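Below is one structure; the comments refer to it alone.
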Amino acid sequence: MKSYIAILLFLLGGLTSFAQPLNRATYAMMIEEAENQMEKQDYYRALEWYEKAYDESKDRSLYVIMADLSYMLRDYRKSERWYGRALKKNKRNKTPPEEKRFEYARSLKMNGKYDEAIVEFDRFIAKTKDPVKKELAELEKVGCEYARVAKEDEQVTLTHAGKKINTKISEYSPYLTNDNQEMYYSSLNSDDVIELEEGDQESYAKIFKSTRSDKGWSEGEALGEEINRPGFYNTNVRLSPDEKRMFFNRSMTTGSVLTESKIYMSERSGGTWSPPNELANVNGDFIAKSPCVGELFGKEVLFFASDMDGGEGGYDLYYATYKGNGQYGDPVNLGPQLNTVGNEDTPFYRDGVLYFSSDAHPGIGGFDVFRSDWNGTRWSKPQNMGRPFNSSVDDLYFMLDKEGYHGALASNRIAEGARSLHGRTCCNDIYNVSLKKIVADLVALTYDSDTQEPLNNVTLEIFEISDKDSKLVGSKTNGSGNNFEFPLELDKAYMIVGSADNYEADTATFNTVSLFDSKTYNEKLDLKPGKIVEVLRREEPFVLENILYDFNDDKIKPEAESDLEFIYGLMTKYPEMVIELSSHTDARGGDDFNRNLSQRRAESARRWLMRKGIPRARIQAKGYGESQPQTVNEKIHAKFPFLPVGQVLTEEYINPLKADEKQFEDAHQVNRRTEFKIISGPRSIVIEEEKLIQIGNRKVDGSEQKPTPKKQNKKKSKGRRGGGDSIQQVPNIKMQGDPVKIDKLSSLYGKKDLTGLPIMQFDERVFDMGEIKKGEVREHTFHYTNVGDVDLEIDLVQVCECTEREYAPSVVKPGGRGWIKVKFDSGKATDDQDSSDVDVYLKNIDPEIDAPIFERVRFVFKVVE
């Protein structure tokens, strides 16, 4: 018994099969044979029989089935012709199959007939009752409009990878090694029809390796049976960044339908790949394919595509966090920003960017390549890569090598050298991708601003800057000259800072965005002779003398804000700087009490800075209690002469001072302090003497102030502005028989195990304020319940400049209720703004990703004049 391999389309690549020359048969016999092949899901042979039957009978009832099969097999010229005939209304065809107009419009699009496709999509939208297809048609129209104006990127070149690796049957999943000298890919490696005999274990897709030479890619060599298991389609190969692990699929089909696909991993020892293991917790009773190693929240993850339940559409993109020893966490859906009602597939991650293909995001063709950037907490809106990455048909498996200037993709486009067994677009070939190498560098010169003489002994620091943060990427000190040279990265914004002893620093900013050719940036820094300064060096603590607290309290007092403003100014000026903000108590009181009190005080100071816009990650809050008594320095000795320089103010040293009550209290006061120190970023910071005087000028009264007694309010609190400690208690909510539903605007979305986590279940996540006159102020309160099994602790609530917010309480017990109130000023909204997000950061940490839990609510509006 024989069976023929049918096409596997994007799942495994294109593969065709045809029968031997047909004997003369009647129309009925032809239809019967076509239907037999349809039952076997051998769609190529079925189409061949239907076409023969049509040639014999000119039976117009066959238009739709021939169009559907041609469309499925990616022969868009034929599908356009057959759909066009089926939808043409005339005396013989009074009721055209309008439900097929979507596929007709898409066939026109695949053939590059964008204007005609838009007309047909409009006709389909006007009549369809299918909401999903209507949404897809709207997206396809946007893609057609984009395709009409999309320009060819002249910095990118695509070339056919050659006949030695590209056969007339599809190739797919190219992967270049770090040195760009080897390529792994998958193929059936045949130019002819393949017939599977019963028991045939060899005629399946395998993973090959090709090497590059001056003449191009060599003929691929199949990997051993430890990877290419007989009887399975071995496909979708990717290596880990260190190239020590290989990830790939083993798949099975029924006819042309992918029925099983699981992800496997093999490890390399020397030059040999080990027998692979199926990845537990990633695979299941669903299709899992197209694996790719990446990084999220500072941890390794595995991206992949799957049709598991709960997704946005057909195939969605997911990630699973690597836990070590071959173990992965639960798959997490990447959410509606990336996933659509259509299909997303073939992810590839490189340096904070996820590349993938989609057939529903607005595109030039069928599957287009997109990119989305990760900013540390969320993905950006996917951006179409444009031409030549994308064509009017399908483009998948895009990847770049380690350097980022060479890559590959698989496409069924019509191009020079393209090979296809049937029609022009049935089968994928591999294409080389080359990006023009553009080099940018900096030459900076430093001068005395008064004399314009070259200034030596300058330290020059260079930072990458962004809207939210910056980082130091280089620092040099030139003792014998005034010139500095630095290499630069593309598409970055930079700031350089020149500093020298007894000079005021000078800065310059520039960017390397959208360069089309190599460029040297020449910058001149003029340093002005300055005033007496002090240098704060990394890891040296600096005491903030104005930060005082009431007795047994952690609230920031108004007089402390000058010191915190000082820190805020430094962190704004040095956006790459990370600090430790520490609090210390005297030795009076229990160890645990003092440690907890000091931690709360340090956290309070950190929250003050976060409300000013400093990211949490740049401030490490530490409460040391009484564990680090102060060591007397020259400055302390000058203020308290009875304390000798170098003396550690331990309890044993201070207790004998009780004879002089003032000295005793002053010594304790020196230990009660808040400090900050630079732990990363600039090696030193120059502070003018006047600023040091300002932040050091406060009275010392020898004791912490006790709070003024307040009258007790016996009424139940309804919450305090800014998130006080009041909790509105409600009966615990039982979730038995009613599973918790996690909204997509929560970082917990997609998690299966919610044990030990707080869950903010909002009464509503999105609120429509309706039309608002420009300048009008509206308010709304979002109410929520903690349906988790632990206390929920709010750390920060962020809103845009057009919105004020209040919230209470800051701690909500399981079953408790809380609220977030927003006050929106439409006069401050931007012209194109129609929504605003309220971002809630919890103190609670998601242990799977080791990051704070994040929640979001949103209000929408329409501002009218």
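The values are calculated or read from the model by the stated rules, or taken from the named source; none is laboratory data. None of the values given here were measured: they were computed from a predicted structure. No Cβ is skipped: glycine too gets one built from the backbone with ideal geometry, and neighbour counts run over all protein chains shown. Accessible surface areas use protein heavy atoms only, side chains included; no ligands, DNA or RNA. Shrake-Rupley method; radii C 1.70, N 1.55, O 1.52, S 1.80 Å.
Observations
- Highest-first packing order for the peptide set 431-439, 231-239 is 231-239, 431-439, based on the mean count of other beta carbon atoms within 10 Å.
- Nearest-0.05 FRET efficiency for GLU219 and GLU295, computed from C-beta distance (R0 30 Å): 0.30
- Applying 1/(1 + (r/R0)^6) with r as the Cβ-Cβ distance of GLU98 and THR377 and R0 = 45 angstrom yields a FRET efficiency of 0.50.
- Note, ³J(HN,Hα) from phi for the range 836-841, Karplus 6.51, -1.76, 1.60, rounded to Hz, x at Gly and Pro: 8, 9, 10, 9, 10, 9
- Considering only PRO809, SER826, LEU796, and ranking their Cα positions along the charge dipole of the range 751-847 that arises from unit charges at the beta-carbon of Lys, Arg, Asp and Glu, the one farthest toward the positive end is PRO809.
- Computed packing ranks the peptides 768-775, 70-77, 162-169 as 70-77, 162-169, 768-775, most packed first, by mean other Cβ atoms within 10 Å.
- Label zone (THR259, point 7 Å along Cα-to-C-beta; backbone nitrogen cut-off 15 Å) within the range 280-306: 286-287.
- In the range 130-176, Rg over Rh equals 1.18, where Rg is the alpha-carbon radius of gyration and Rh the Kirkwood radius from pairwise Cα distances.
- Couplings 3J(HN,Hα) for the range 774-782, derived from phi with the Karplus relation 6.51 cos²θ - 1.76 cosθ + 1.60 (θ = phi - 60°), are 3, x, 6, 10, 10, 10, 7, 10, 8 Hz, where x marks Gly and Pro.
- Checking the cross-link pairs LYS134/LYS773; LYS752/LYS843; LYS113/LYS215; LYS612/LYS662; LYS476/LYS528 against a 27 Å limit on the alpha carbon distance flags LYS134/LYS773; LYS113/LYS215; LYS612/LYS662 as lying beyond it.
- Largest-first ordering by accessible area, 1.4 Å probe, given options HIS422, HIS783: HIS783, HIS422
- Nearest-0.05 FRET efficiency for SER61 and LYS862, computed from C-beta distance (R0 60 Å): 0.75
- Only the Cβ atoms of Lys and Arg (+1) and of Asp and Glu (-1) were treated as charged; on that basis the dipole of the range 795-851 about its Cα centre amounts to roughly 540 debye.
- Ellipticity estimate at 222 nm from DSSP helix runs (n ≥ 4, -39,500 (n - 2.57)) divided over the chain, nearest 500: -5500 deg cm²/dmol
- Under the span-like rule (Cα at least 24 Å along the axis, Kyte-Doolittle mean at least -0.5), DSSP H helices of the chain: 131-149
- Charge dipole of the chain (Cα centre as origin; +1 on each Lys and Arg Cβ, -1 on each Asp and Glu Cβ, all else neutral): 2300 debye, rounded to the nearest 20.
- Residue-wise HN-Hα coupling along the range 807-823, computed from phi with Karplus coefficients 6.51, -1.76, 1.60 (Hz; x: Gly, Pro): 7, 6, x, 8, 10, 10, 6, x, x, x, 10, x, 8, 10, 9, 10, 10
- The simple spin-label model puts a point 7 Å past each Cα toward its Cβ; for ASN478 and LYS164 those points are separated by 4.8 nm.
- Theoretical gain in end-to-end length, ASN502 to SER434 [0.36 nm per residue, Cα-Cα removed]: 19.5 nm
- Restricting the calculation to alpha carbons of the range 277-335 gives Rg and Dmax of 10.8, 32 angstrom.
- For SER562, SER107, SER480, the ranking by accessible surface with the largest value first comes to SER480, SER562, SER107, using a 1.4 Å probe.
- For the residues GLU295, GLU626, GLU140, a 1.4 Å probe over the protein chains yields an accessible-area ranking, largest first, of GLU295, GLU626, GLU140.
- Gyration tensor (alpha-carbon) shape descriptor, the range 204-274, a/c threshold 1.5: oblate
- Cβ-based charge dipole, the chain, positive-most Cα from TYR521, TYR503, PHE232: PHE232
- Debye equation applied to the C-alpha atoms of the range 45-148, log10 I(q)/I(0) at 0.16, 0.19, 0.22 Å⁻¹: -0.69, -0.93, -1.14
- Model label sites at TYR27 and LYS635, defined 7 Å from Cα along the beta-carbon direction, differ in position by 10.0 nm.
- Recomputing mean projected area of the Cα convex hull in nm² from the coordinates shown identifies the correct label among [x] 45.5; [y] 48.0; [z] 40.4 as [y].
- Cross-link partners of LYS471 among aspartates and glutamates (Cα-Cα below 12 Å; sequence separation of 8 or more within a chain): GLU461, GLU576
- When each of LYS437/LYS492; LYS741/LYS821; LYS437/LYS519 is checked by Cα-Cα distance, pairs over 19 Å: LYS741/LYS821
- The range 35-160 - charge dipole about Cα centre, Lys and Arg +1 at Cβ, Asp and Glu -1, debye rounded to 20: 720 debye
- Pairs of Cα atoms nearer than 8 Å and 6+ residues apart set the relative contact order; for the range 224-346 it is 18 percent.
- Distance between modelled label sites at PHE593 and LYS402, nm, 7 Å Cα→Cβ extension: 5.9 nm
- Summarising the amide proton neighbourhood of LYS622: residues at separation of 5 or more, or on other chains, whose placed amide H is nearer than 5 Å comprise LEU581, SER582, SER583.
- Mean Cα-pair separation over length for the chain, i.e. relative contact order, pairs under 8 Å, 6 or more apart, %: 8 percent
- For ASP316, the shell of other residues with beta-carbons less than 14 Å away shows a net charge of -4, using +1 for Lys and Arg and -1 for Asp and Glu.
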